[in-house]
Amino acid sequence: LLCETVVPLEDPIITETTSTLQEWGVLWKQLYVKHKVDLFHKLRHVMNELIDLRRQLIQGHLSQDQTREIKRHITVRLDWGNEHLGLDLVPRKEFEMVDPDQISVSELYKLGDSIRQRHGDGCRVPVSHHLFINLKSFTYNSISEDADVFFSLYDTRELPGTWQLYILNASVSRMLLNDSKKGPPHVQYRRPYGCAVLAMSDVFHTITDLKEEKDFVLKVYTCNNENEWYQVHENIIRKSNTKYSAPSTNYGLIISLQLLRGELEQIRRENQAVFNRALALTRKLGFPDVILPGDTRNDLYLTLERGEFERGGKSVQKNIEVTLYVLYADGDTLKDCISLGTGEPNSTEYRSFVLYHNNSPRWSEMVKLPIPIDRFRGSHLRFEFRHCSTKDKGEKKLFGYAFTPLMREDGTTLSDEIHELYVYKCDENATFSNQGLYLSLPCCKEDFNSCPNLPANLPFQRSPKETFWVSTILCSTKLTQNVDLLALLNWKAHPDRVLDILGRLRQISGEEIVKFLRDVLDTLFCLLDENTDKYGPLVFQSLVFIINLLRDSRFYHFRPVMDSYIQNHFAGALAYKELIRCLKWYMDRSAEVVRQDHIQEAMRALEYLFKFIVQSRILYARATCGMEEEQFIASIQELFQSIRFVLSLDSRSSENLVFTQAALLNSFPDIFDELLQMFTVQEVAEYVRGTLGSMPSTVDIGQSMDVVKLQSIARTVESRLFFFPESRSILLPVVLHHIHLHLRQQRELLICSGILGSIFSIIKTSSMESSVQEEVEMMVESLLDVLLQTLLSIMSKSHSVETSRGQRSEQPLCFVGLKLLFSPVQGEYVSCLLSLLRQMSEIHFHHLLNSFHSKEELKEFLLKIFCVFRNLMKLTIFPRDWSVMRLLTSHIIVVTTQFLSPALHKNFSEGDFDFKVWNSFFSLAVLYINQPSLQLEALVSAKRKKTLDKHGDMRVIMAYELFSMWQKLGDNKPHFIPGMMGPFLGVTLVPQTEVRNIMIPIFHDMMDWEQRKNGNFKQVEAELMDKLDSMVSDGKGDDNHRELFSLTQLFGPYPSLLEKIEQETWRETGISFVTSVTRLVERILDYRDCMKGDEMESKKTAGSVNLMNFYKSEVNKEDMYIRYIHKLCDLHLQAEDFTEAAFTLLLYWELLQWEDRPLRDFLHYPCQSEWQRKENLSRKILHYFNKGKCWEYGISLCRELAFQYETLYDYQSLSWIRKMEAAYYDNIIEQQRIEPEFFRMGFYGRKFPFFLRNKEFVCRGYDYERLEDFQQRMLGEFPQAIAMQHTNQPDDTILQSDAQYLQIYAVTPVSDISDVPQLERVPERIKSFYRINNVSRFHYDRPFHKGPKDRENEFRSLWIERTTLILSRPLPGIARWAEVERREVVEVSPLENAIYVVENKTQELRTLISQYQHRQHHGNINPLSMCLNGVIDAAVNGGIARYQEAFFDKDYISSHPEDTERITHLKDLMQEQVHILGVGLAVHEKLVHPEMRPLHKKLVDQFHVMRTGLHHVSGPVCDFQVSHCSSCLWHISRLEMTPIPLSVLKIKAV
């Protein structure tokens, strides 16, 4: 069969983007359906970005850098989307997906871990940021002249107590001399005006997104005193508001700021539109934190600090202006060498601003002098001082000057400091054409001291009382301010000072040395060639100092400059001899010298020292045709002997020696590449092996050296040397030896795992080479057992070991059910173990299993590896989205298990049977098949197909292995019955047909063995039910209902199992067993469905009640029954159904007796006596009855507790319970309780859960919940249900339909008369409680007309169909609802219905009026007004009047003689209602608001009409006048003292 692999021509990342977008498209629409609007919009934006980036890649018109950047953007967005959608993590290398088959498991783990850390809050590499400033406008009403605006970035670290960056703006106005007629208009001078400050912290808080441009308004503050202008910005920052004035308006500077991130060239490419404008680039003042080679600068920054000048005989102080010129040696002024700021053209002269009448001006004004490097030597600066007067014709009069050369005589430039310059007198007539006249004068005090013999007739006289201060900062890569550096470079001019110069090299700053790196190195090697004996040690020290200088982060980028020098410019062919000699001398002295700083520095410079040594030897060999080769090899060997000597020293007593050894070990791996230029791979490997072998073992060195040693080994493994097979065969044994020692002692585990990961990556890359098999064999012998032990140790330190081990499931070294935390160390070692197992072939396993000396050793090994495998099955070992890693883990485990299972059968079967090993294997197989990552049914079709194509269904492979091993047990099978019934049952939950078919013979075997042993299935059944329930409890929230349904198929109609049972002699017990399990599974299925996190509380309650009743009534499992009692109670407490929670706990309370029998700890109950548990339970129930306001139920329990306390003479508790009982009585009388409504619910259709399907219930509604609210709530719980709009019973079509029909209507409770107090003096609120509590009968009425409808008075033909619902238990109870057990239907005649209506309305009136008499409605009389109006108005316009017409008519009485008694009773009820209405009106008159008096008058008038009409029909009615207060009070008292009794006969009739 020929196959071909199709490889797409397009870039792999384009293919991935296409498939990912297709997958996201489906999930994106689901986000909208699930109302995840925020993620919906974000994902749409990211998808559009990906489409655009993908289009750019496909077009292909991009540079390599641009392509790489676009791929980076694509992968960031792909990973973001996958993470937020809960999809798999995609391991990548260089932006492309990696093939797990091509890399080791360790490398795969590191790739995934690096992606996860990149998404988290891991450490961030510092990135350069650039600030783009755009001045948009400057509006200020008080400035009428031109103005200069200067910006600078200011760091307040120089200010005490502050550290902040600020943007400073100094606005300096350019003004005419004077507006008066005196001054000429062409004379201009600059004057300071104001300053604005913006804190960068405010900018960073405002600009939340990179490249976002924001506008800022800067207020310009003016300085109150010009003398403090130099520090006005600091005063503003400090908020010293007495020293500056705020503007009167908010106008000022408007600037826009944009923060750009990255290197300048990258920013230039990405923002070409910005750089195409007239953009000025401003560089940092001074060198940056990291100096790059090739960064050429030659800038001198000059700051005019201050001056001290004489008044000069004037009455007022001067207005001084400073003019700056840059002049060359020939006296010519250098053109355009003064820059006031970037963005402005350079100028030839600079004029300072003028401070009014100030002889001690402080300017603090900075300029930049970009002087060409070839003009720097010989140039000088001249400062001219002029007085600007408004009186003397407005001219600027020269009165003095100062100067300073840019370079000293020794060739160094001005130092970075403040320079105090002499001021020389002159006037406007002075000429500076011959600069030699003043350059011969001293410019400052230091200059004066160097030339003491000055002539007396000087051309210019110094003003002794006048001084001028400037400061300079040099930022140059070509010039130096260091005398010692110049002396070193020009050593031939002073050969006698060379030793002194070399000694002072360390004092030169690093910036100066790296600027002249090549020249300095040439000088050092020239000195070495000049006199090796004399200069050799000092040159070596200097070279070490320079090499270590390049290790500094600021100068690290100069290492390529050093490399280039060694390869292309270094010419010291004889240098290697002296370098080797000095290096060896340093090492040999390490055991003697106390201070070893210089030795440690030499060890740190080892890499570049060897570069110089090797290159020098190459140059020498090239020049001499390879002479002195043997001497060179001998010297290298001697050098390595010194290295081994240093490492072998005992450093525990010497801290300095520890640092020396650490420095050597850190630098040692860096020399391998240099040695490979001179020696063969085997020779270098031998050198390295000898060196690594010379290190002491772990127990002989300290903790710090332990780490350094392993780090050196790690770098050795990662070096190019280790990639050669011939070197690995030499180095691998010593590396494995050190790792083995560390793992045995559990030390430095993280570093060891990194070393192993590198080894496995190299071996996987070289897996095609023949030597790899030997290397894997070596690693198996050295590492496999210690790796297993290390993993178990890591797990045990993170979690406590399982303390109790069952007789059948005792598993040493294993932690069943642990939720292992995902830690770096654990993940590293898991990947290392998997890498090793993956590399092992059948031969390796064969050698491994034959290497054990006894079966006990083999047993311990199998227990360890099976235990580790079981722990790897836990979900949290690798995160859920790490699908590639988890599938690869499963594949390695199943392959390894197939190799190990024959050894298990061969060594531990029949006579040598060992339960622990076999049980460990079966537990592993069960966990393996059930692990979530292998449940392919939950995957989308594309991912499922991809997994099957790569690995197949690994559950089936393991299931066949499980079946094979079960069959090999033979007569030892009873050891696992019924213990393995539950775990094997879990395997059948897998919705895979082949797996279930494999398990059927195993179940048959277990049933057959149990029948032979005990003659029944009781143990199997009990074990099975316990396991089923525990699976439900452990799997809350998991979508396993389909698996459970498949289980019903397995045990129910599945033909093969039933066929097997039919053929057995125990057929009847087997079928009974299957039936019982099936019924339990159906209920667990419903319970699992109800207990989902998003289901309503009522549905959860229903599922719990259903399962609880099953355990009580059908299988009689008391423990499970009690467990679900408490689960149901917790559900009630969550819903704040405290009454139902109390009734639920009463179920457990009833099972307990008042005895001292000890009880074990159970659930949250401690070990205690039965009496104590029942007492604690009683108190908890009382607490819940109290919170549910059902005090009547709590009273009986109080009496029960009181009897028990009294029996035990526990008077303290007796006092407490009696007080509680009394408090309950007070609550009954004083506190108001809301009467709930009751609703009948019918659930019709096969789509409802089993415990609801085609059943009807009555539910007790919540407080203030009406029918409409209840309907909405139920439809919310069953969103797929269709509401039925009638009360008729459904037909079979609806009952058998594949839909949900919900029928809801209100019902009325019918209380048992024996429970309702009938004494007339009993308060109404007490009676109302018994009318709605402990009720198991409810009715609802359906009106209909029997025969033709009476058109004149429909009440004559209006019959009522009264349906009474009898519940299985009374309400309230263990749930807010109860199932309808049966129903009774009777027809009520029109007359009986009239009696019922009038009686109920009278009762309602009596209750309401009683409440108002006791002031329970706090002044709100609207309910009473509405009720009275409804009854009286209905009686006038219909109601009672219509009843009178219908039933008090002579024709009706004569034609219905059997109703005479009922008619009389109706008349009595009407009279009673009129009496109650009269009392109600009297109460209403007393409480009614004056504005409602018209309504009250209307009610009284209608009441008289009603009473008159009733008088004509039924005889005299109690007469009274409702408008008299005395009558009103009489009737109120009469109502209170003698309430009208209920109609007992009528209630009995109902």
Exercise. Hey, does region 1201-1224 have a residue that's under 30 Å from Ala1306 (Cβ atoms) and either assigned to a helix (DSSP H, G or I) or modelled with pLDDT of 90 or more (or both)?
Worked result: no
Exercise. Within region 240-270, can you find the residues that are farther than 30 Å from Ser476 by Cβ and in a loop (DSSP other than H, G, I, E, B)?
Worked result: Ser240, Asn241, Thr242, Lys243, Ala246, Pro247, Ser248, Thr249, Asn250, Tyr251
Exercise. Which one of these does Glu1170 not meet: (1) touching a helix residue (DSSP H, G or I) at 6+ places or on another chain (Cβ under 9 Å); (2) open to solvent by less than 10 Å² (accessible area, probe 1.4 Å); (3) not β-branched (Val, Ile, Thr)?
Worked result: (1)
For this session: Looking only at region 402-420, decide whether some residue is modelled with pLDDT of 75 or more, open to solvent by less than 80 Å² (accessible area, probe 1.4 Å) and farther than 25 Å from Arg375 by Cβ.
Result: no
Seminar exercise, completed: His740: passes all of (1) touching a Ser or Thr at 6+ places or on another chain (Cβ under 6 Å); (2) over 30 Å from Leu791 (Cα atoms); (3) open to solvent by 10 Å² or more (accessible area, probe 1.4 Å) but (2)
Exercise. Any residue at all in region 1345-1365 that is in contact (Cβ under 8 Å) with a residue 60 or more places away in the chain and either closer than 30 Å to Ile1181 by Cα or hydroxyl-bearing (Ser, Thr, Tyr) (or both)?
Worked result: yes
Problem set entry | helices (runs of 4 or more DSSP H) completely within region 1243-1361 that count 1 or more residues being open to solvent by less than 80 Å² (accessible area, probe 1.4 Å) and within 30 Å of Gly1194 (Cα to Cα) | 1267-1277, 1324-1332
Problem set entry | Candidate set: region 306-346, residues that are over 22 Å from Tyr189 (Cβ atoms) and among the hydroxyl-bearing types (Ser, Thr, Tyr); chosen: the one surrounded by the most Cβ atoms within 10 Å (Cβ to Cβ) | Tyr328
Exercise. Consider Arg551 against the criteria (1) in a helix (DSSP H, G or I); (2) surrounded by fewer than 18 Cβ atoms within 10 Å (Cβ to Cβ); (3) modelled with pLDDT of 80 or more: it satisfies all of them except one. Which criterion is unmet?
Worked result: (1)
For this session: Select from region 559-613 the residues that are of a type outside the set (Asp, Glu), assigned to a loop (DSSP other than H, G, I, E, B) and open to solvent by 70 Å² or more (accessible area, probe 1.4 Å) and list them in ascending order.
Result: His569, Ala571, Leu574, Val594, Arg595
Problem set entry | Residue under evaluation Ile865, criteria (1) modelled with pLDDT of 90 or more; (2) open to solvent by 10 Å² or more (accessible area, probe 1.4 Å); (3) closer than 25 Å to Arg747 by Cα, criterion not met | (2)
Exercise. If we keep just the residues of region 360-396 that are at pLDDT 90 or above and in a loop (DSSP other than H, G, I, E, B), which is surrounded by the fewest Cβ atoms within 10 Å (Cβ to Cβ)?
Worked result: Ser360
Exercise. Does any residue in region 941-957 that is within 22 Å of Met999 (Cβ to Cβ) come within less than 8 Å, Cβ to Cβ, of a residue that is of a type in the set (Gly, Ala, Ser) and crowded, with 16+ Cβ neighbours inside 10 Å six or more places away or on a different chain, and which pairs are these?
Worked result: His951/Ser890; Met954/Ser890
Seminar exercise, completed: Taking region 224-242 and keeping residues under 23 Å from Met366 (Cα atoms) and open to solvent by 30 Å² or more (accessible area, probe 1.4 Å) leaves Asn224, Asn225, Glu226, Asn227, Glu228, Tyr230, Gln231, His233, Glu234, Arg238
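Taking only region 468-486 into account, find how many residues are over 14 Å from Thr413 (Cα atoms) and either open to solvent by 20 Å² or more (accessible area, probe 1.4 Å) or at pLDDT below 75 (or both). Spell out the reasoning first.
So in region 468-486, the residues over 14 Å from Thr413 (Cα atoms) come out as 468-470.
Then drop every residue that is not either open to solvent by 20 Å² or more (accessible area, probe 1.4 Å) or at pLDDT below 75 (or both), which leaves 469.
The number of residues fulfilling the criteria is 1.
For region 495-541, which helices (runs of 4 or more DSSP H) that fit wholly inside it have 1 or more residues that are over 19 Å from Arg604 (Cα atoms) and open to solvent by 60 Å² or more (accessible area, probe 1.4 Å)?
Values: elements: 498-503, 510-515, 517-530.
In region 495-541, the matching helices (runs of 4 or more DSSP H) lie at 498-503, 517-530.
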Exercise. Looking only at region 1347-1384, which residues are out of contact with any helix residue (DSSP H, G or I) (no Cβ under 6 Å at 6 or more places or on another chain) and at pLDDT below 80?
Worked result: Gly1347, Pro1348, Lys1349, Arg1351, Glu1352, Glu1354, Ser1357
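In this structure, does Pro879 turn out to be open to solvent by 20 Å² or more (accessible area, probe 1.4 Å) and at pLDDT below 90? It would help to see each step written out before you state the result.
Details: open to solvent by 20 Å² or more (accessible area, probe 1.4 Å): yes; at pLDDT below 90: yes.
For Pro879, the condition - open to solvent by 20 Å² or more (accessible area, probe 1.4 Å) and at pLDDT below 90 - is met.
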Exercise. Which one is most open to solvent (accessible area, probe 1.4 Å), of the residues in region 43-73 that are β-branched (Val, Ile, Thr) and modelled with pLDDT under 90?
Worked result: Ile58
Exercise. Does Ser648 satisfy the criteria of being out of contact with any Ser or Thr (no Cβ under 7 Å at 6 or more places or on another chain) and open to solvent by less than 90 Å² (accessible area, probe 1.4 Å)?
Worked result: no
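Here is a list: Ser964, Ser920. Which entry is touching a residue at least 40 places away in the same chain (Cβ under 8 Å) and surrounded by fewer than 18 Cβ atoms within 10 Å (Cβ to Cβ)?
On the way: Ser920 fails: surrounded by fewer than 18 Cβ atoms within 10 Å (Cβ to Cβ).
When all the criteria are applied, what remains is Ser964.
The rows are residues; the columns are (1) modelled with pLDDT of 85 or more; (2) among the aromatic types (Phe, Trp, Tyr); (3) open to solvent by 70 Å² or more (accessible area, probe 1.4 Å).
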residue	(1), (2), (3)
Asn1437	no, no, yes
Arg1462	no, no, yes
Gln1473	no, no, no
Val1500	yes, no, no
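Run down Tyr401, Tyr350 and say which single residue is in contact with a helix residue (DSSP H, G or I) (Cβ under 8 Å, 6 or more places away or on another chain) and in a strand (DSSP E or B).
It is Tyr401.
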For this session: Select from region 74-97 the residues that are surrounded by 17 or more Cβ atoms within 10 Å (Cβ to Cβ), without any contact (Cβ under 8 Å) to a residue 40 or more places away in the chain and not in a helix (DSSP H, G or I) and list them in ascending order.
Result: Arg92
Problem set entry | Filter result for Tyr1205 (without any contact (Cβ under 8 Å) to a residue 24 or more places away in the chain and touching a Ser or Thr at 6+ places or on another chain (Cβ under 6 Å)) | yes
Exercise. Of (1) under 44 Å from the mean Cα position of the chain (by Cα); (2) at pLDDT below 90, Val895 satisfies all except one. Which?
Worked result: (2)
For this session: Could you please tell me which pairs satisfy a Cβ distance under 7 Å, a separation of 6+ or placement on different chains, a first residue in region 120-139 that is under 20 Å from Lys284 (Cβ atoms), and a second residue that is open to solvent by 100 Å² or more (accessible area, probe 1.4 Å) and at pLDDT below 85?
Result: Val127/Arg261; Ser128/Glu263; His129/Arg261
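The values are calculated or read from the model by the stated rules, or taken from the named source; none is laboratory data. Model, not experiment: these values are computed from the prediction. As a convention, Cβ positions derive from the backbone with ideal geometry for all residues, glycine included, and neighbour counts pool all protein chains shown. Ligands, DNA and RNA are stripped out before the accessible areas are found, and what is left, the full protein with its side chains, is counted by its heavy atoms. Shrake-Rupley method; radii C 1.70, N 1.55, O 1.52, S 1.80 Å.
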